[in-house]
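Q: Before anything else, here's the structure in question.
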Amino acid sequence: MNPSEWFTEIVPVAQSAFSLKIKQKLHEEYSEFQHLEIYETEEFGNLMVIDGCTMVSTRDNFFYHEMMSHPALYTHPNPKRVWIIGGGDCGTLKEVLKHASVEHAVQIDIDERVTRLAEIYFPELCESNNDPRADLKFIDGIKWVKDAAPNSVDIIIVDSTDPVGPAEGLFSEAFYRDCFACLSENGMVVQQSESALYHLKLIGEMRNAMSNAGFGHLQTLFFPQCLYPSGWWSATIASKSDLSTFREQDSANKAFDTVFYNSDIHKASLAQPEFVKKVFSLK
Ligand code: SAM
């Protein structure tokens, strides 16, 4: 095996690695915020890498983008205003805009270069960017939320890089407090929460920070994502109101296509493994 033909992400916490065979490097730059690379792979289509970590591939991004958006949007009673913090590849925005109830979706990514590269190398993820309800901002999401007025938004989706560099503050109690303050009555935050196999302590700390910030209802959901460390990923929803049910009939009768998400997948994603229940002190 010639290592130069492979992109490898090493995961020090688990002393493991994930590799994709590449055809060629399509682009590389250091933006103001991070190191951006785009590869053409043999079997996964195009691949975006930020600071050495896999972000998005053409082949498997649907798991993540669908599960970061539809469970929350089918749990909130009437989501009209949605913010996506990060999410510069625009895949989550595209899923959010599939919901007819959404009147305004703002994507707030600190790095405009991520979106400009996605437009070139992942055009299918950017196809809703010209939807009149879509609003793309390029500023720090932490500041955006801090400066927001009360009752400005129904759902905040935190589609960020890992909790290092510019994304570190997006995993803090102070940030969740600012989210709580600007969310409406049934408002909720959805945060990508890494792998329960590799990062369970981090998920536990995130859940504590969310409760301390005032959110009375938490739900961590699980889904496959082969590109990310361990191949088994999660998102955590923190809500001001009950999370024990979702709009199952609306989900079952959804008027748009998805690749992975449906109402049965939604239900299945809520099931909590035994080792997770122990750590989260769930019954
Ligand atoms: N799906 C990916 C994952 O879990 O690895 C995340 C993809 S998305 C491309 C992550 C985005 O978060 C990047 O475009 C990065 O610029 C953005 N980001 C990081 N910190 C941010 C901040 N403080 N405010 C807004 N966007 C931020």
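Q: Working only within segment 77-87, note down all residues that are in a loop (DSSP other than H, G, I, E, B), away from the ligand (no atom under 12 Å from the Cβ) and open to solvent by less than 10 Å² (accessible area, probe 1.4 Å).
A: So in segment 77-87, the residues in a loop (DSSP other than H, G, I, E, B) come out as 77-80, 87.
Imposing the further condition that a residue be away from the ligand (no atom under 12 Å from the Cβ) reduces the set to 77-80.
Hit for segment 77-87 is P79, nothing else.
Q: Give the residue that is farthest from the ligand (Cβ to nearest atom), with candidates limited to residues of segment 99-123 that are open to solvent by 60 Å² or more (accessible area, probe 1.4 Å) and more than 17 Å from V158 (Cα to Cα).
A: Kept after step one, since they are open to solvent by 60 Å² or more (accessible area, probe 1.4 Å), are these residues of segment 99-123: 100, 103-104, 112-113, 116, 119-120, 123.
Still in the list and also more than 17 Å from V158 (Cα to Cα): 100, 103, 113, 116, 119-120, 123.
Numbers: A100: 25, E103: 22, R113: 8, R116: 11, E119: 13, I120: 14, P123: 15 Å.
By that ranking, first place goes to A100.
Q: Here's something else I'd like to know. Checking the conditions here, which among S234, S263 is modelled with pLDDT of 95 or more, in contact with a helix residue (DSSP H, G or I) (Cβ under 8 Å, 6 or more places away or on another chain) and farther than 24 Å from S160 by Cβ?
A: Numbers: S234 fails: farther than 24 Å from S160 by Cβ.
After ruling out the rest, the residue left standing is S263.
Q: Next question, about the same structure. State yes or no: is C179 under 20 Å from the mean Cα position of the chain (by Cα) and not in a helix (DSSP H, G or I)? Reasoning before the result, please.
A: Values: under 20 Å from the mean Cα position of the chain (by Cα): yes; not in a helix (DSSP H, G or I): no.
Judged against the criteria, C179 is not a match.
Q: Do we have K240 as more than 27 Å from C182 (Cα to Cα) and surrounded by fewer than 20 Cβ atoms within 10 Å (Cβ to Cβ) here? Walk me through how you get there before you give the answer.
A: Numbers: more than 27 Å from C182 (Cα to Cα): no; surrounded by fewer than 20 Cβ atoms within 10 Å (Cβ to Cβ): yes.
No.
Q: State yes or no: is S230 surrounded by fewer than 21 Cβ atoms within 10 Å (Cβ to Cβ), under 19 Å from the mean Cα position of the chain (by Cα), assigned to a helix (DSSP H, G or I) and not assigned by TED's automatic domain parsing to the domain that holds Y39? Break it down into steps so the answer makes sense when it comes.
A: On the way: surrounded by fewer than 21 Cβ atoms within 10 Å (Cβ to Cβ): yes; under 19 Å from the mean Cα position of the chain (by Cα): yes; assigned to a helix (DSSP H, G or I): yes; not assigned by TED's automatic domain parsing to the domain that holds Y39: yes.
Answer is yes for this residue.
Q: Of all residues in segment 138-176, how many are at pLDDT 95 or above, more than 8 Å from the ligand (Cβ to nearest atom) and surrounded by 14 or more Cβ atoms within 10 Å (Cβ to Cβ)?
A: 14
Q: Could you list, in sequence order, all residues of segment 35-72 that are outside any loop (DSSP other than H, G, I, E, B), more than 14 Å from the ligand (Cβ to nearest atom) and in contact with a strand residue (DSSP E or B) (Cβ under 7 Å, 6 or more places away or on another chain)? Reasoning before the result, please.
A: Narrowing segment 35-72 to residues outside any loop (DSSP other than H, G, I, E, B): 35-41, 46-50, 53-57, 61-72.
Within this subset, residues satisfying the condition of being more than 14 Å from the ligand (Cβ to nearest atom) are 39-41, 70-72.
Correct list: Y39, E40, T41, P71, A72.
Residues are listed down the side, and each one gets a yes or a no for (1) in the same structural domain as I110 (by TED's automatic domain parsing); (2) under 28 Å from T258 (Cα atoms):
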position: V13; (1), (2): no, no
position: F18; (1), (2): no, yes
position: K25; (1), (2): no, no
position: F33; (1), (2): no, no
position: G45; (1), (2): no, yes
position: A72; (1), (2): yes, yes
position: P77; (1), (2): yes, yes
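Q: Let me ask something additional. May I ask you to list pairs of residues, at least six apart or on different chains, whose Cβ atoms are under 6 Å apart, with the first in segment 108-123 being assigned by TED's automatic domain parsing to the domain that holds D140 and more than 15 Å from E28 (Cα to Cα) and the second being aliphatic (A, V, I, L, M) and within 10 Å of the ligand (Cβ to nearest atom)?
A: As it stands, the answer is I108/I85, since those pairs meet every condition given.
Q: Sort out which residues of segment 182-213 are assigned to a loop (DSSP other than H, G, I, E, B) and open to solvent by 40 Å² or more (accessible area, probe 1.4 Å), and write them in order of number. Walk me through it before giving the result.
A: Filtering segment 182-213 down to residues assigned to a loop (DSSP other than H, G, I, E, B) leaves 193-199, 213.
If the condition is that a residue be assigned to a loop (DSSP other than H, G, I, E, B) and open to solvent by 40 Å² or more (accessible area, probe 1.4 Å), then L197, Y198 are the ones that fit.
Q: Pairs needed: first member in segment 51-67, more than 23 Å from E168 (Cβ to Cβ) and touching a residue at least 24 places away in the same chain (Cβ under 8 Å); second member anywhere, within 11 Å of the ligand (Cβ to nearest atom) and in a loop (DSSP other than H, G, I, E, B); C-beta distance under 6 Å; at least 6 residues apart or different chains.
A: Filtered contacts from segment 51-67: S57/L227; D60/L227; F63/Q225.
The values are calculated or read from the model by the stated rules, or taken from the named source; none is laboratory data. Not measured: the values here are computed from a predicted model. In this analysis, Cβ positions are derived from the backbone assuming ideal geometry, glycine residues included, and neighbour counts consider all displayed protein chains. Note: areas computed on protein heavy atoms with side chains; ligands, DNA, RNA excluded. Shrake-Rupley method; radii C 1.70, N 1.55, O 1.52, S 1.80 Å.
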